[in-house]
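Here is the structure we will look at, set down as structure tokens.
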């Protein structure tokens, strides 16, 4: 229900603030502030989005809880979105969200209303290094297949071919049957 009231009251507050600020500083200065807030919001989203992602990845790599960096990152991105939305009230809220103590206060207030569960992460070695303990695991199958008779390639010189037209063997490596 409170979300409905937000959608009803927010445009009314924004329009009233536009009228008040426009009356004080003029139409062009008011429009310039709206455009400046938009540019600032885009800059915040571009820079803070990448930074928030990097901080969350770093905390996961260090096996720390990523909740705090993710929450701060999401609030910074929300601040950028609020700066993009035209209006002075949303701009003020967006600028407040860019201040770290304000974000900490919001996180403390939100944590009182949330149930937090803890996730424990451990690093487990699932890959055995190659040739551990001198053992090589392998499977092989020996098939008795007669060698196929084929013609020598076109570019093979005649002196390297057998009497029957097959290429002469170049040596047996021991890995395959000829």
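The values are calculated or read from the model by the stated rules, or taken from the named source; none is laboratory data. Owing to the predicted nature of the structure, the values given are computational and were not obtained by experimental measurement. Every residue, glycine among them, receives a Cβ derived from its backbone with ideal geometry; neighbour counts consider all protein chains shown.
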*Taking region 76-101 on its own, how many of its residues are within 26 Å of the chain's Cα centre (by Cα) and either part of a helix (DSSP H, G or I) or surrounded by 16 or more Cβ atoms within 10 Å (Cβ to Cβ) (or both)?*
15
*Mind telling me which of the residues 49, 23, 73 ends up being part of a helix (DSSP H, G or I), farther than 21 Å from residue 96 by Cβ and free of Cβ contacts under 8 Å to residues at least 40 places away in the same chain?*
23
*Test residue 35 against the criterion of being loosely packed, with under 12 Cβ neighbours inside 10 Å and modelled with pLDDT of 90 or more, and give yes or no.*
yes
